[in-house]
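First the structure, in the form of structure tokens, and then the observations on it.
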Amino acid sequence: MIQARHLALACATAALLAATAPASAQDLLKLTIGQRGNWDTAIAHLGDKAGIFKKHRLELELLYTSGSGETLQPVIASSADIGIAVGTLGAVAAFGKGAPVRIIGAEATGAADYWYAKSSSPIKTLQDTNGRTIAFSTQGSSTQSIVRAFIDEFKLTAKPVATGNPSATLTAVMTDQVDVGWASPPFGLKEQEEGKIRVIARASDAALVRGQTIRVIVANADGLAKRKDAITRFLDAYRETIDYMYSDNPQVIKDYAEFVKVPEAMAKRVRDEYFPKGLVDPDQIHGQASLMQEAVNLKFIDKPLTAQQLAELIQIPPRKK
């Protein structure tokens with residue numbers, strides 16, 4: 001009889017605890033994100049600020065990096081759950097070497113990146129970079145892929161140099177440490193307007209970029225298997241945030257302008273002129289066949305990945321219907 005009462009009390013206590021517990025606990029996801037301040041890399045920040053990720057029961061911890069190599073390595077090492085804006089060819093190269101990396105979404109199809117020289121420089125076109133130095137962010141990045149593509153397509157003798165983020169790159173250009181720098185809007189727009197720098201090439205000048213997914217979202221293979229539900233919810237929230245960012249809600253422009261410390265008019269210009277919504281669509285990796293060929297041509301891998309390998313590498317959670 002006493003045991004029955006104890007059992008009834010235990011059941012009642014458990015029911016009470018269940019009734020008073022939070023309806024849904026927040027899952028923490030640690031993110032590494034390349035290039036703080038770009039419109040396409042601000043999705044997690046803007047969605048988090050708008051409460052969209054919280055609605056999907058997610059808490060985000062954001063760490064910004066200077067480029068793809070720095071973004072990818074913590075994911076491979078399992079110290080980050082998700083990496084955003086990893087160069088597609090860098091992710092392919094890592095997978096080809098046996099790294100436990102999986103692509104869970106497209107980050108950028110096409111690119112708004114551009115290359116520039118000081119206005120006082122004699123360099124006005126890519127052909128003028130022969131024998132000169134030309135910047136990219138970090139090893140394995142999309143900007144490295146684009147610079148390699150420039151050199152390959154236009155038969156250049158320019159020397160690629162890793163310069164990190166756009167701010168560090170601008171300093172390197174203005175102090176003559178490198179001849180040609182790289183940036184992505186809004187970085188450098190003010191300097192263009194002031195006549196300090198001159199655009200000499202855009203990412204879309206390379207065939208590698210046109211219509212192809214040049215940056216991706218990645219996860220650790222083991223982490224994806226163990227936290228598939230949380231990562232699927234992350235992609236759901238990511239998609240919802242993109243819809244919000246391209247809506248008529250003025251708050252998103254206010255928040256982005258505050259985030260990158262530019263006037264709201266410039267923030268709106270960055271979105272409307274440089275980043276069409278299709279550029280940030282995460283649902284499909286475009287141009288896989290040509291990306292494989294470019295990966296071989298640019299020596300990221302020895303031979304194209306097979307269809308089976310691609311199916312293992314690319315695991316994008318489907319969009320809810």
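Considering Phe275, Phe259, Phe234, Phe300, the condition of being in contact with a Phe, Trp or Tyr (Cβ under 7 Å, 6 or more places away or on another chain) and aromatic (Phe, Trp, Tyr) is satisfied by Phe275 alone. Taking each residue of the range 301-317 that is under 20 Å from Lys228 (Cβ atoms) and looking for partners that are in a loop (DSSP other than H, G, I, E, B) and of a type in the set (Val, Ile, Thr) with beta-carbon atoms closer than 9 Å, six or more apart or interchain, yields Leu310/Ile285; Ile314/Ile285; Ile316/Ile285.
Residues of the range 297-318 being polar (S, T, N, Q), in a helix (DSSP H, G or I) and open to solvent by less than 80 Å² (accessible area, probe 1.4 Å), which ones? Asn297, Gln309, listed by residue number. Per the conditions (1) without any contact (Cβ under 8 Å) to a residue 12 or more places away in the chain; (2) crowded, with 17+ Cβ neighbours inside 10 Å; (3) of a type in the set (Asp, Glu), the sole criterion not satisfied by Glu294 is (1). Once the range 206-229 is narrowed to residues that are part of a loop (DSSP other than H, G, I, E, B) and among the basic types (Lys, Arg), the residue that is most open to solvent (accessible area, probe 1.4 Å) is Arg210. Among strands (runs of 3 or more DSSP E) entirely within the range 59-174, having at least 2 residues that are within 23 Å of Val270 (Cβ to Cβ) and of a type in the set (Ser, Thr, Tyr) singles out 114-118. Can you spot a residue in the range 273-284 that is touching a His at 6+ places or on another chain (Cβ under 8 Å), in contact (Cβ under 8 Å) with a residue 40 or more places away in the chain and in a helix (DSSP H, G or I)? No: zero hits.
Within the range 111-141, the residues that satisfy the criterion of being in contact with a Phe, Trp or Tyr (Cβ under 9 Å, 6 or more places away or on another chain) and either under 25 Å from Leu310 (Cβ atoms) or of a type in the set (Asp, Glu) (or both) are Asp113, Gly140. In the set Ala203, Ala162, Ala172, only one residue is of a type in the set (Gly, Ala, Ser), open to solvent by less than 30 Å² (accessible area, probe 1.4 Å) and either over 24 Å from Phe275 (Cα atoms) or out of contact with any strand residue (DSSP E or B) (no Cβ under 8 Å at 6 or more places or on another chain) (or both); that residue is Ala172.
On inspection, Thr232 does not qualify as in contact with a Leu (Cβ under 9 Å, 6 or more places away or on another chain), at pLDDT 95 or above, surrounded by 15 or more Cβ atoms within 10 Å (Cβ to Cβ) and in a helix (DSSP H, G or I). Screening the range 81-99 for residues that are touching a residue at least 60 places away in the same chain (Cβ under 8 Å) and of a type in the set (A, V, I, L, M) and picking the one that is nearest to Ser184 (Cα to Cα) gives Ala85.
The values are calculated or read from the model by the stated rules, or taken from the named source; none is laboratory data. Computed from a predicted model, the values in this text were never measured in an experiment. Neighbour counts are summed over all protein chains in view; Cβ atoms, including those assigned to glycine, are modelled from backbone coordinates with ideal geometry. The area values use the complete protein model at the heavy-atom level, side chains included, leaving out ligands, DNA and RNA. Shrake-Rupley method; radii C 1.70, N 1.55, O 1.52, S 1.80 Å.
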